[in-house]
Each structure stands twice: as structure tokens, then as C-alpha cells.
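The values are calculated or read from the model by the stated rules, or taken from the named source; none is laboratory data. Computed from a predicted structure; not experimentally measured. Neighbour counts are summed over all protein chains in view; Cβ atoms, including those assigned to glycine, are modelled from backbone coordinates with ideal geometry. Calculation scope for accessible area: heavy atoms of the full protein, side chains included, ligands and nucleic acids excluded. Shrake-Rupley method; radii C 1.70, N 1.55, O 1.52, S 1.80 Å.
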Amino acid sequence: MKLKTRLSLFTILMMTFVILGTSISTVYFLRLMLFDEIRNTQKNVLNNFRKVCEEALLTHDDVLLLNYINSLKKTVPGLVYAVFVDIDRQLVVGGRSDDAFSQIFPSFEQAKILNNAEDKVELNTYRTHENAEVLDVATRVVLDGQPYGVARVGILQAVIEASVQERTRQVQRIVLLVSGVAFTVGILIALFMAGQITQPIHLLAQGAKSIGDGNLDTQIDIQRDDEIGLLANEFNIMAVKLKELDQLKDDFVSSVSHELRSPLSAISGYVELLTTKPLEQIAVEKRTKAFNIIQESTSRLTQFINDILDVAKIKSGRVEIRKGPFNVKQAGEDLLALFAPLFDKKKIQSFSYIKDSIPIVQADEEKVKQVITNLISNAYKFTPEGGAISISANEDNAGNVVISVSDTGIGIPKDYLSQVFERFKQVPGAREKIGGPKGTGLGLAIAKGIVESHGGKIWVESEMGKGSTFRFTLPKASSTSGKETSAAKLFG
């Protein structure tokens, strides 16, 4: 059964119970209210009759009482009697015999009513000789503080019930009409709401199927401010991320293919050269060149594999950080010295602006040097001949040591500043401007993982044609020492 059908049936069933329960409760309580209303009306009739009795006693005018009784017979449906019985249980007026009332109203009942408070009304039911049920209401008649008798009014119970039934049927018809309209409107609303809920879900299901079929450009157009709108927005974000991951996969395959093909082709070619004839028959210069290229290609493959392994460790949060005393000034100078032959080759000037006052920090010396080496290497690659590269360090207001590597290279476009630390991300056209082999796009991603594993952060500032400055922070002190394993995940 479809979700829309289930929601519609559930809503209709719930409305049925609510409407049915409301209708039955309304009719039930209405009947009780009508009976109370009729009894109150009888009490009002009785009180008016009592007052007429008292007035007739004061004026000794039986005609007044008889006329009032005749008017009651005309205006009160189902009236059986309206009588006044004196204190001796003698019928004063009312049209029935003394003996009849003596049987109907026994002495103990008469005495009880006479002893009640002045405004107390007694209600009783009894059956007449004709087996008709009568509702009797009675109260005493008092003059000058003395009880003179009892005023009684009797109305047929069948007439009362018939009146209640008639008014109840009228209300039932109204309730049925209103319930029918409410039920019809409720069904339409239920179908509409079910459609409002299931239609977006259907679109999401279609979008998921489209993505499953490989269409990663799929976007769901649902403009709503509720949970379904939030779900659709998250679905679209997921689709974008899946497309980015798919592009990342393609970049990875392309990078791996390039990084493996070039050195392997070089190794294969020169190994073939060296094995086609005895080594002594190959010129010394060719042999040396072949061995150098084989060595460089092997080192390149080894470095690429190490980068892949480092990225995998960072992604899984298994970067091992072995903290110890780390001399920032000494490390910076040593690494600039390591690159000195390359700088001389491109006539690049190098400078160290690290003061002696920079404190010793707790860090993994090998991994921090890997970060600095990567930054200097990138600066070297993208700085033309005659440029300059510098390394500096200072303390920030948060108590961290900030290490910076600056160059006067080609710079990075603003649109790519936030992407350079992602895996396999490279600035388009940069390598074509400076020449040389294409990189893997993993170095800065690894550097970011290492820095964040130390509890620091890394960023870049750049201006096209004027150079770039990469900065990263290291906490000056640490509460732990020795071997630490970072749980930070750069790509998780």
C-alpha cells in the first residue's frame, strides 16, 4: 500500500472517530441539558402557581386561582393537574376529588413538603390509574410565616420525553449535516496533506534513483521551510558532494596514472637500454644519465606512494604525532640550507627572519619539517628565476608560534585560495607558466593534516604576480609529551 493511501486512510479513520465521538457526546449531553431545562421550567411554573395561590388566599378569591389553572392547561403541554392542597390534605382547588389526592399524596409526603424550607421544591414521579407516568413538582404555600398547604403541578412524562426527543432529533439533523460537511472537507484536506507530504518524497526517491543511475548533476527543486524542505536541501548538498567526490576520484585516477606512467616509462626505457648490450659498450655519459634517471624516477614513485599512505592515515585519523622539543629557528635555517643548491640554480635568494627569542615548542620534529619542506618546495617551484623565498616565525596573541614561508612567485587566484589544501587540487595553468613536472596535489593536504594534528591551523595569503605567503601555527606548550595519536580527521 502506498504511503499516500496509508496517510489518507489513517487521517479519515481518525476524523471518523473524532466526529463520531463528538456527535454522540453532543447528543447525550444535549438530552441531559434539555431534561434539566424542562425541570427548571416546571419549577418556574410551580413557583408562579405558588404565588397565585398565596395571592388567592390573601384575597379569598378562588376564581383567580381557577382562571390561572385554566391558563396553565392551555400553555403548558402535557399538564395533568395544578392543585393546591391545604394543611389538612383537603383539596382547595384543582379539579380532582379529595379521595384521589389522598391516595396519590400520602400524609408522610405532605408533612415532608410542609416542613421544607420555603423555596424548596420536591420532584417525584408516579403512575396514575391510567398507568401514565407523571412528573410531580411540589412546594409549600406560606402566609405570614405559616404554612397553609402545598401547591403541586403534574406533567405527563411522555410529553416531556416527546419534547426532548423532538428537539434532540432537530439537533441530530444539524449534527449530521455539520459532521457530513466536516467529514467531506476533512477527506479533501487529508488527500491534500497526504499529497503535500508524499509528492516531495516521490521527488526525493526519483532524485536518489537518478543519482544511483550515475546522474550526479541531479538537484531536487523543493522550496519549503519545514523538515521536508530541509531534507531536500541536504539531498542537494549530498548530490554536490557526491559529484565532487566523483571528480576527486577522476583526479586521483588521472594523477596516479600520470605519476606512475611517467617514471615507469622512464625506468622501463633506460633499463631496456642498459640490457640490450653489455654495459662496457655503452658510453659512460649515457650510463650515468640512465642510472640517474632511474634513481630519480624510483624516488618519485616512492614519494608518491608515501604521499598516498600519508593521506590515508590523515583521512582515517591515524596520524602518529611524537612530540618533543622543537627548535623552530634551527629547523628553518637547516631546511633553507638544504634547498640552497636548488636556489643557486635558479638564482633565487633565500632569507631567514626567525629571531633567537622564538621559544622551543612541543611538536613532532620530523612531521613539522615535512610541512616546512613542502611549503619551501612549492615556493621554489612557483618562483621564477631571480625571485626570493623567506621563512619567518613570531608569536601571536593566543600564545602560538606562527611560521610563515613567503615567495615572490606567480601567486594564487582568489577563487582558488580555499581549495589549495584539498586533495589533488592544483591551480589551473600554474604549472604551464613555470614549466617542470606536474605535482600530485597531495602535499598541501598532507601539510594541513599534520598541522591540525598538532592542534594548529594553516592558511595562505596571495596576490597574483606578487607572490604567496603560507602560514601555520603550532601551540607553544602542550600538557602531554611523548607519543600521541591524533584523532583529528581532515577529510572525515
- [ ] Mind giving me the nanometre distance, one decimal, between the label points for Leu58 and Leu231, set 7 Å out from Cα along Cα→Cβ?
- [x] 8.0
Open item on the list: Quick one: 3J(HN,Hα) in Hz for region 266-282, Karplus 6.51/-1.76/1.60 with θ = phi - 60°, rounded, Gly and Pro as x.
Closed with: 5, 4, 4, x, 6, 5, 4, 4, 6, 9, 6, 8, x, 4, 5, 8, 9
- [ ] Quick one: which residues, 5 or more positions from Val142 or on another chain, have an amide H under 5 Å from its amide H? H modelled 1.01 Å from N in the peptide plane, none for Pro or chain starts.
- [x] Tyr148
TODO: Work out from phi, with θ = phi - 60° and the Karplus expression 6.51 cos²θ - 1.76 cosθ + 1.60, the ³J(HN,Hα) of each residue of region 145-152, listed in order in whole Hz, and give x for Gly and Pro.
DONE: x, 10, x, 10, x, 10, 9, 10
- [ ] Over region 135-236, average the accessible area per residue using a 1.4 Å probe and give it in Å², no decimals.
- [x] 57
Open item on the list: I'd like the carbon and sulfur percentage of the solvent accessible area for region 130-217, probe radius 1.4 Å, heavy atoms only, ligands and nucleic acids excluded.
Closed with: 62
Task: Distance between region 350-365 and region 14-68 - C-alpha centres, whole angstrom - done: 102
Task: Label-to-label distance, nm, for residues given as Ile24 and Glu133 (7 Å Cα→Cβ offset) - done: 2.3
Task: Backbone HN-Hα couplings from phi across region 16-28 [Karplus 6.51/-1.76/1.60, Hz, Gly and Pro as x] - done: 4, 4, 5, 5, 5, x, 5, 5, 4, 5, 4, 5, 4
Task: Of every Cα-Cα pair in region 19-87, the percent that sits beyond 20 Å - done: 45
Open item on the list: Can you give me the % of accessible surface on region 360-401 that is carbon or sulfur? Probe 1.4 Å, all protein chains present, nothing else counted.
Closed with: 42
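Where does each of 338-347, 289-298 land if you order them by average Cβ count within 10 Å, highest first?
Going by the mean number of other Cβ atoms within 10 Å, highest first, we get 289-298, 338-347.
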Task: Debye-sum result for region 267-360 in log10 I(q)/I(0), which assumes one identical scatterer on each alpha carbon, at q = 0.18 Å⁻¹ - done: -1.01
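Cβ under 14 Å from Ser404's Cβ, Ser404 left aside: what net charge do those residues give with Lys, Arg +1 and Asp, Glu -1?
Cβ neighbours under 14 Å give a net charge of 0.
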Open item on the list: Checking the table Lys414/Lys457; Lys329/Lys457; Lys249/Lys323; Lys323/Lys346; Lys289/Lys448 against a 26 Å threshold on Cα-Cα, which pairs fail?
Closed with: Lys249/Lys323; Lys323/Lys346; Lys289/Lys448
- [ ] Pull up the cross-link candidates among the aspartates and glutamates for Lys355, meaning alpha carbon to alpha carbon under 16 Å and not fewer than 8 places away within one chain.
- [x] Glu333, Asp334, Glu395, Asp396
Task: For Tyr81, distant residues with modelled amide H under 5 Å away - done: Gly154
